[in-house]
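Right, one structure below, let's go through it.
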Amino acid sequence: MDSIKTLRSRTVVLPASDVDTDQIIPARFLTTTTRSGLGAHLFADWRYDGDGAPKPDFVLNRPEAQGCAILVAGNNFGCGSSREHAPWALCDYGFRAVVSTQIADIFRANALKNGLLPIIVDQATHGWLLQHPGADLGIDLESSTLTLPDGRAVPFPLEPFARYCLLNGVDELGFLLGREAQIQAYERRSRA
Amino acid sequence: MKETLFEKVWRRHEVVAETPDTPAVLYVDLHLIHEVTSPQAFTVLRERGIKVRRPELTFATMDHSTPTRTEQVFGGAPIAIEAAARQVRELEVNCAAFGVELLGLRHSRRGIVHIIGPELGLTQPGKTVVCGDSHTSTHGALGSLAFGIGTTEVGHVFATQCLLQRKPRTLAINVSGKLAAGVTAKDLILAIIGRIGVAGGTGHVIEYRGETISALDMDERMTVCNMSIEAGARAGMIAPDETTYAYLAGRERAPQGMAWDEALEHWRQLPTDVGATFDKEVHIDASAIEPMVTYGTNPGMVIPISGAIPQRPDDAVFAKSLAYMGFEAGRPVAEQPVNVVFIGSCTNGRLSDLRAAASLLRGRKVAAGVQMLVVPGSQEVKREAEAEGLHKVFLEAGAEWRESGCSMCLGMNGDLVSKGQYAVSTSNRNFEGRQGIGARTLLASPLTAAASAVRGRVTDPRELL
């Protein structure tokens with residue numbers, strides 16, 4: 001995984017609450033056997049009409065949303081299934097961070113493994129972000145802060161190991177493979 | 001030190017305990033895989049030249065994208081969706097290449113992964129069980145710590161038999177009182193989700209406790225634990241007891257002979273110690289619960305079947321959800337006309353669920369214009385149901401009787417609800433488009449679903465009991 005230290009982008013605001021993984025990537029697109037190309041189907045049923053034409057009123061289809069890497073969503077983002085296709089689709093589309101007041105456990109874990117930053121902010125900050133689509137935000141991983149356009153830095157929680165992996169481009173599988181001696185010791189111990 | 005069931009299972013699987021800087025390395029006893037979330041993990045193994053470390057602890061089946069029409073499963077007809085057929089073939093190739101046991105498409109013990117794990121006796125108290133599927137929480141009904149993982153983590157388990165995990169917090173849901181006639185485990189878990197909300201369990205492992213839970217049989221316990229994820233919880237668990245041991249005894253992959261006696265001794269140590277504490281506790285009175293039905297687009301949007309859709313005048317998100325459903329605030333949900341009824345899924349696809357549905361359909365007909373699909377959770381459930389003649393009850397009532405699979409729960413295999421149609425479904429998610437683009441799902445118990453099929457509208461099953 002590539003290391004990530006900072007990110008700067010305007011936001012896209014999707015005010016829906018409890019956005020589930022079936023909305024992020026509907027099940028009919030899960031028949032793929034690769035990770036790539038899912039961005040085309042991101043939010044497919046909100047983004048396209050029955051004939052596959054983009055719905056002009058959906059936020060991602062607006063001209064000002066193009067090129068934005070930060071998605072601000074309503075409360076509780078990413079609930080539902082464990083499909084890693086959800087962060088794969090968001091990343092493939094071009095998002096690098098998702099901001100909400102709460103992010104579902106499995107989605108958050110999957111996002112971090114793909115370099116997609118799950119950023120949890122307080123209600124007041126969240127409310128401001130929802131009201132200001134297109135706000136230019138900075139994200140700094142070292143200090144785990146989100147910088148608002150007025151320069152105010154809002155801290156967000158980030159599990160220390162996840163931060164370490166993101167900052168240094170550390171691959172978790174490599175880390176686990178490096179624990180082989182402990183794994184063998186555990187297997188001997190649990191068989192005894 | 002006093003410990004909860006979860007804490008005991010967690011501690012016994014710590015290869016390396018967590019520190020402030022690093023998560024725990026947690027050992028996995030049982031890894032279940034299926035065709036949809038495994039291909040990309042096998043690809044990583046190939047790219048990096050890694051073997052499956054303990055292939056005998058991984059177990060594969062196919063369920064999500066597989067057909068339920070007999071001719072496509074057994075009759076030599078091609079699988080209608082080409083991409084699904086490719087996933088099925090790819091799982092066959094991957095399992096053969098990496099030495100993983102597979103219950104393939106035509107295997108007599110195939111079924112939904114969360115139905116067959118317990119059914120075969122693979123799922124056991126005190127085990128850690130993971131699968132690339134969020135409804136892995138089902139297996140917690142047997143006192144295992146079971147949770148869904150992503151595909152990258154599937155790769156981690158393949159390669160190391162371990163996962164990096166932060167220890168979740170604990171949430172006790174204490175349930176007392178007797179469930180009334182016509183009120184089922186499905187109604188109980190829907191009422192719990194309605195109470196704590198779809199994010200109420202985030203970051204927590206739930207332990208369902210109390211006299212009501214102890215009185216549930218294993219199928220009912222699995223229904224409850226299955227929907228833990230619908231409350232956002234990492235996992236749901238129920239302490240093993242005599243009901244659990246009686247269920248497991250003699251199952252194909254359960255310990256036998258002396259190994260059984262040893263296992264039993266270990267399992268009896270697992271229940272939460274008297275005096276152990278939880279991070280959070282909730283109390284539920286089961287005797288006050290009615291048959292429950294959802295009216296919106298997440299499982300927390302749920303009301304008693306006699307109730308009216310709530311009013312939240314200033315909530316735009318709520319209004320959008322009702323608009324999708326074609327519902328108005330303040331209106332009763334009962335009497336809503338129904339187009340489709342689906343009985344099945346890892347939530348309610350077990351034998352007792354089919355018996356419950358059949359009990360209301362016996363001697364009755366599915367209402368004109370209603371499509372009713374009955375999909376057993378496994379081929380074993382199908383055989384047992386047929387041995388009791390349940391399939392005849394369904395077929396004579398005018399329902400369809402299919403081969404096992406996830407089917408209309410998520411519609412990956414082409415079993416879909418059409419745009420704008422109302423489906424009363426025994427599955428677990430009423431998200432927008434879950435059962436088909438524009439489909440409107442009302443989650444309910446098998447009794448409520450069957451009663452609604454007979455009347456052609458959302459019906460309190462107690463009217464037909």
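The values are calculated or read from the model by the stated rules, or taken from the named source; none is laboratory data. These numbers were taken from a predicted model, which means no experiment stands behind them. A quick note on method: Cβ atoms are made from the backbone with ideal geometry, for glycine too, and the neighbour counts reach across all protein chains shown.
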*Would a scan of segment B:6-14 turn up a residue that is in contact (Cβ under 8 Å) with a residue 24 or more places away in the chain, surrounded by fewer than 21 Cβ atoms within 10 Å (Cβ to Cβ), within 12 Å of chain A (Cβ to nearest Cβ) and under 26 Å from B:T138 (Cβ atoms)?*
yes
*Give the residue, chosen from A:D45, A:D92, that is outside any loop (DSSP other than H, G, I, E, B), free of Cβ contacts under 8 Å to residues at least 60 places away in the same chain, away from chain B (no Cβ under 12 Å) and of a type outside the set (S, T, N, Q).*
A:D92
*From the list A:L30, A:L38, which one is aliphatic (A, V, I, L, M) and under 17 Å from the mean Cα position of the chain (by Cα)?*
A:L38
*Conditions: (1) within 9 Å of another protein chain (Cβ to nearest Cβ); (2) at pLDDT 95 or above; (3) within 20 Å of B:E403 (Cα to Cα). B:V88 meets all but one. Number of the miss?*
(1)
*Restricting the search to segment B:153-169, which residues are crowded, with 24+ Cβ neighbours inside 10 Å and either more than 10 Å from chain A (Cβ to nearest Cβ) or part of a helix (DSSP H, G or I) (or both)?*
B:E153, B:V154, B:G155, B:H156, B:V157, B:F158, B:T160
*Of all residues in segment B:313-330, count the ones that are surrounded by 13 or more Cβ atoms within 10 Å (Cβ to Cβ) and not acidic (D, E).*
10
*Taking interchain pairs and intrachain pairs at least six residues apart, which have beta carbon atoms under 9 angstrom, with the first residue in segment A:107-129 and more than 11 Å from chain B (Cβ to nearest Cβ) and the second surrounded by 24 or more Cβ atoms within 10 Å (Cβ to Cβ) and part of a loop (DSSP other than H, G, I, E, B)?*
A:P118/A:G78
_Test set (1) away from every other protein chain (no Cβ under 14 Å); (2) surrounded by fewer than 24 Cβ atoms within 10 Å (Cβ to Cβ); (3) not in a strand (DSSP E or B) - B:A172 fails condition number_ = (3)
_Going through B:P78, B:P67 one at a time, which residue ends up being more than 29 Å from A:G174 (Cα to Cα), more than 10 Å from chain A (Cβ to nearest Cβ), touching a helix residue (DSSP H, G or I) at 6+ places or on another chain (Cβ under 9 Å) and surrounded by 22 or more Cβ atoms within 10 Å (Cβ to Cβ)?_
B:P67
*Just need a number here: residues in segment B:110-128 that are part of a loop (DSSP other than H, G, I, E, B) and under 20 Å from B:E90 (Cα atoms).*
2
*Give the residues of segment B:89-121 that are closer than 24 Å to B:A233 by Cβ and in contact with a His (Cβ under 9 Å, 6 or more places away or on another chain), sorted by residue number.*
B:I112, B:V113, B:H114, B:G117, B:P118
_A:T33 being out of contact with any Ser or Thr (no Cβ under 7 Å at 6 or more places or on another chain) and in contact (Cβ under 8 Å) with a residue 40 or more places away in the chain_ = no
*Name the residues in segment B:440-457 that are surrounded by fewer than 24 Cβ atoms within 10 Å (Cβ to Cβ) and assigned to a loop (DSSP other than H, G, I, E, B), would you?*
B:G456
*asked:* When the residues of segment B:133-145 are narrowed to those that are closer than 21 Å to A:H85 by Cα and more than 7 Å from every other protein chain (Cβ to nearest Cβ), which ends up surrounded by the most Cβ atoms within 10 Å (Cβ to Cβ)?
replied: B:S137
*asked:* Cβ contacts < 6 Å: first residue more than 10 Å from B:L351 (Cα to Cα) and modelled with pLDDT of 95 or more, restricted to segment B:380-396; second residue surrounded by 14 or more Cβ atoms within 10 Å (Cβ to Cβ) and aromatic (F, W, Y), any location; separation 6+ or different chain. Result?
replied: B:H391/B:W401; B:F394/B:W401; B:L395/B:W401
_Tally of residues being over 26 Å from B:M62 (Cβ atoms) and at the interface with chain A (Cβ under 8 Å from one of its Cβ atoms) across segment B:15-51_ = 8
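Residue by residue, here is whether (1) in contact with a Ser or Thr (Cβ under 7 Å, 6 or more places away or on another chain); (2) within 17 Å of B:T22 (Cα to Cα) holds:
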site	(1), (2)
A:Q102	yes, no
A:L116	no, no
A:L129	yes, no
A:F156	yes, no
A:G174	no, yes
A:E180	no, yes
A:Q184	no, no
*Restricting attention to helices (runs of 4 or more DSSP H) lying wholly within segment B:339-430, give those where 2 or more residues are closer than 30 Å to B:V198 by Cα.*
B:345-348, B:351-361
*Do any helices (runs of 4 or more DSSP H) lying entirely in segment A:147-192 carry at least 2 residues that are more than 24 Å from the chain's Cα centre (by Cα), under 27 Å from B:G49 (Cβ atoms) and within 13 Å of another protein chain (Cβ to nearest Cβ), and which ones are they?*
A:180-191
_Tell me the residue from B:D29, B:D63 that is in contact with a Gly (Cβ under 7 Å, 6 or more places away or on another chain), under 28 Å from B:I238 (Cα atoms) and among the charged types (D, E, K, R), please._
B:D63
*Hey, among A:R35, A:R108, A:R28, which residue is in a loop (DSSP other than H, G, I, E, B) and of a type in the set (K, R)?*
A:R35
